[in-house]
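The values are calculated or read from the model by the stated rules, or taken from the named source; none is laboratory data. Since we're looking at a predicted model, the values are computed, not measured. A quick note on method: Cβ atoms are made from the backbone with ideal geometry, for glycine too, and the neighbour counts reach across all protein chains shown.
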2 protein chains.
Amino acid sequence: MKLIADIKEMQLFSNATKKTGKTIAFVPTMGFLHDGHASLLKKGKEVGDLLVMSILVNPAQFGPKEDFTSYPKDIKRDMALAEDNNVDVVFNPAADDMYPAGFQTFIDIEKLSNRLCGLSRPGHFRGVATVVAKLFNIVKPDIALFGGKDFQQARIIKKMAQDLNMDVDIITMPTIREADGLAMSSRNSYLNKEERKAAICLYNAIKKARDIFDNGVRDADAILKEARNIIKREPLAVIDYVKVCDIDTFEDLDTIEDRALLALAVKIGKTRLIDNDILG
Amino acid sequence: MKLIADIKEMQLFSNATKKTGKTIAFVPTMGFLHDGHASLLKKGKEVGDLLVMSILVNPAQFGPKEDFTSYPKDIKRDMALAEDNNVDVVFNPAADDMYPAGFQTFIDIEKLSNRLCGLSRPGHFRGVATVVAKLFNIVKPDIALFGGKDFQQARIIKKMAQDLNMDVDIITMPTIREADGLAMSSRNSYLNKEERKAAICLYNAIKKARDIFDNGVRDADAILKEARNIIKREPLAVIDYVKVCDIDTFEDLDTIEDRALLALAVKIGKTRLIDNDILG
């Protein structure tokens, strides 16, 4: 496994790879890897000739009051997991190289970024889109893989790739969950024992919504009321949003015709967790 | 010479070209070509193995009250000029293919876009940056060439390429002028006989500024006063801006230390013309 920190070196490596006709699969991460990332790496190895994974805690996607400085890190464990998953290149640039003094270029995906998490995290998706575009221009992947827990992020990146004619196939992989159903996230490491127990309310809310939907209910408010009640019963949980919305536009739905996205963001103590499911 | 209108076909053609190890030089245009464009094509042919020119009147860079619908067109003459200049591929996409329904992704170069022309044309450089990024992702050039008349545009594109790690060398070529000094522009075709005569005031203002600078004056206001007076004496001319500013940041300068950008935008009747020169 090759470790590259220099941006130009990564670009030259990718140029050389592509000239041989080999395809590049790419998994961008912020490190502190879990089984969700592992599932992306496994799929990446299947669909591409060469597998590149990046590790960068991207300052541009954190708000001023968010957890950029405390975001968990364990580069040793990450490298071992990358090695175990047959990663060919780990690209690990310095944040200062990615955002040198005078940096001022940002990509906005306007409508999709102003819904769901975009409302409580202004600028977040601008930061995500910008860094992903940068990484795509450096790594030059044919295929890039993103996790389904961050449904809105994956949708926004797909939209960016489509709108800007990026020649990259975007694959979204299913959310990987802990044994009790909690969606895997690097941020789960913030939770203390009590909070960890409380955090299961997100998945329980999803299960409840799915039960009601499976019983034939199509009225969004009826579904949402029950899902929110599950979370409200948990003293450590504070709802940011629980929404039933159009799977493509994220616009609120009153009635589910065909299928819908159930998306939720909940604070457990200081930790903001998200989860989602497709109803239909 | 090959003519390609389909985005995917252009992308596949560029992918195939790059696999052979050939480099691509790219000249993006809005058509209605003049000798300024010809100079870019000549240079492009020198620096790249394959020369691609695009023609697209880009709706995203025009304001609602600007001349998008009346922008001059002469595709027959453009094709002949492309042929004369050994263009290998003319890429001529439909605007609706470039901006399909639901398009919502835009690139902002924040500081540089909020100065000079950015102030009188809000959203203009966002539209320019966005279409250039799209064209880069479609044509995949190694080198792209831009005209020096649009100094701010060229600077912004360079900054975008740098900030987003686009693997493209940006070359800016000197402004090409008519015999009397008027900078060549497709928009010169809007001018009637009287306006065409009046339009020389832009170049006269530049010459005046350069004279004063060459005589040792370094005070920006003193230079600007004389340059503005030249334009004010022309009854058909209305100043949008005349500025002496930093060549990299476009911030106003009080005193010219080393060198500076003299930039001006002037309306001659309904036609907005720009020009610039480097003092120093």
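Scanning the stretch A:133-191 for residues that are among the small types (Gly, Ala, Ser) and over 24 Å from A:Ser70 (Cβ atoms) turns up A:Ala133, A:Ala144, A:Gly148, A:Ala154, A:Ala161, A:Ala179, A:Gly181. Of a type in the set (Asp, Glu) and either closer than 29 Å to A:Leu40 by Cα or touching a strand residue (DSSP E or B) at 6+ places or on another chain (Cβ under 7 Å) (or both) - does that describe any residue in the stretch A:189-205? Yes; the residues of the stretch A:189-205 include at least one that is of a type in the set (Asp, Glu) and either closer than 29 Å to A:Leu40 by Cα or touching a strand residue (DSSP E or B) at 6+ places or on another chain (Cβ under 7 Å) (or both).
Going through the stretch A:15-27 one residue at a time, which ones are touching a strand residue (DSSP E or B) at 6+ places or on another chain (Cβ under 9 Å) and more than 9 Å from chain B (Cβ to nearest Cβ)?
The first filter runs over the stretch A:15-27 and keeps only residues touching a strand residue (DSSP E or B) at 6+ places or on another chain (Cβ under 9 Å), leaving A:17-18, A:22-27.
A:Thr17, A:Lys22, A:Thr23, A:Ile24, A:Ala25, A:Phe26, A:Val27 - these are the residues of the stretch A:15-27 that are touching a strand residue (DSSP E or B) at 6+ places or on another chain (Cβ under 9 Å) and more than 9 Å from chain B (Cβ to nearest Cβ).
Pairing residues of the stretch A:208-221 that are over 12 Å from A:Ile256 (Cβ atoms) and surrounded by 14 or more Cβ atoms within 10 Å (Cβ to Cβ) with residues that are among the β-branched types (Val, Ile, Thr) and modelled with pLDDT of 95 or more, at Cβ distances under 6 Å and at least 6 apart in sequence or on separate chains, gives A:Lys208/A:Ile230. Do we find a residue being crowded, with 18+ Cβ neighbours inside 10 Å, over 20 Å from the mean Cα position of the chain (by Cα) and in a strand (DSSP E or B) anywhere in the stretch B:233-245? Checked the stretch B:233-245: at least one residue is crowded, with 18+ Cβ neighbours inside 10 Å, over 20 Å from the mean Cα position of the chain (by Cα) and in a strand (DSSP E or B). Would you confirm whether or not the stretch B:256-263 contains a residue that is crowded, with 21+ Cβ neighbours inside 10 Å, touching a Lys or Arg at 6+ places or on another chain (Cβ under 7 Å), small (Gly, Ala, Ser) and in a strand (DSSP E or B)? Yes. A:Pro59 meets each of the listed conditions (1) within 12 Å of another protein chain (Cβ to nearest Cβ); (2) out of contact with any Leu (no Cβ under 8 Å at 6 or more places or on another chain) apart from (1). Quick check on A:Ile156: is it part of a strand (DSSP E or B) and within 14 Å of chain B (Cβ to nearest Cβ)? So A:Ile156 fails the test.
Taking the stretch B:161-199 as the region of interest, how many residues are away from chain A (no Cβ under 14 Å), assigned to a helix (DSSP H, G or I) and charged (D, E, K, R)?
The qualifying residues number 6.
The single residue among A:Leu3, A:Leu12, A:Leu50, A:Leu33 that is out of contact with any Ser or Thr (no Cβ under 6 Å at 6 or more places or on another chain), aliphatic (A, V, I, L, M) and buried (at least 21 other Cβ atoms within 10 Å of the Cβ) turns out to be A:Leu33. Residue-level check: of (1) over 14 Å from the mean Cα position of the chain (by Cα); (2) within 14 Å of chain A (Cβ to nearest Cβ); (3) surrounded by fewer than 21 Cβ atoms within 10 Å (Cβ to Cβ), B:Arg77 misses just (2). Condition first: closer than 30 Å to B:Ala133 by Cβ and either at pLDDT 95 or above or away from chain B (no Cβ under 14 Å) (or both). Can you find one or more residues in the stretch A:225-233 that meet it? Among the residues of the stretch A:225-233, not one is closer than 30 Å to B:Ala133 by Cβ and either at pLDDT 95 or above or away from chain B (no Cβ under 14 Å) (or both), which makes the answer no. On the basis of being surrounded by fewer than 18 Cβ atoms within 10 Å (Cβ to Cβ), touching an Asp or Glu at 6+ places or on another chain (Cβ under 9 Å) and part of a loop (DSSP other than H, G, I, E, B), does A:Pro64 make the cut? No: the conditions fail for A:Pro64. Are any of the residues in the stretch A:133-149 part of a helix (DSSP H, G or I), aromatic (Phe, Trp, Tyr), under 17 Å from the mean Cα position of the chain (by Cα) and at the interface with chain B (Cβ under 10 Å from one of its Cβ atoms)? Yes. Considering only the stretch B:98-125, state which residues are in a helix (DSSP H, G or I) and facing chain A (nearest Cβ under 9 Å). Within the stretch B:98-125, B:Met98, B:Glu110, B:Lys111, B:Leu112, B:Ser113 qualify. Cβ-Cβ contacts under 7 Å between residues 6 or more apart (or on different chains), taken from a first residue in the stretch A:1-24 that is at pLDDT 95 or above to a second residue that is assigned to a loop (DSSP other than H, G, I, E, B) and exposed (fewer than 14 other Cβ atoms within 10 Å of the Cβ), are listed as A:Ala5/A:Ala94. The residues in the stretch B:154-179 that are more than 21 Å from B:Lys140 (Cβ to Cβ) and of a type in the set (Gly, Ala, Ser) can be counted, and the count is 1.
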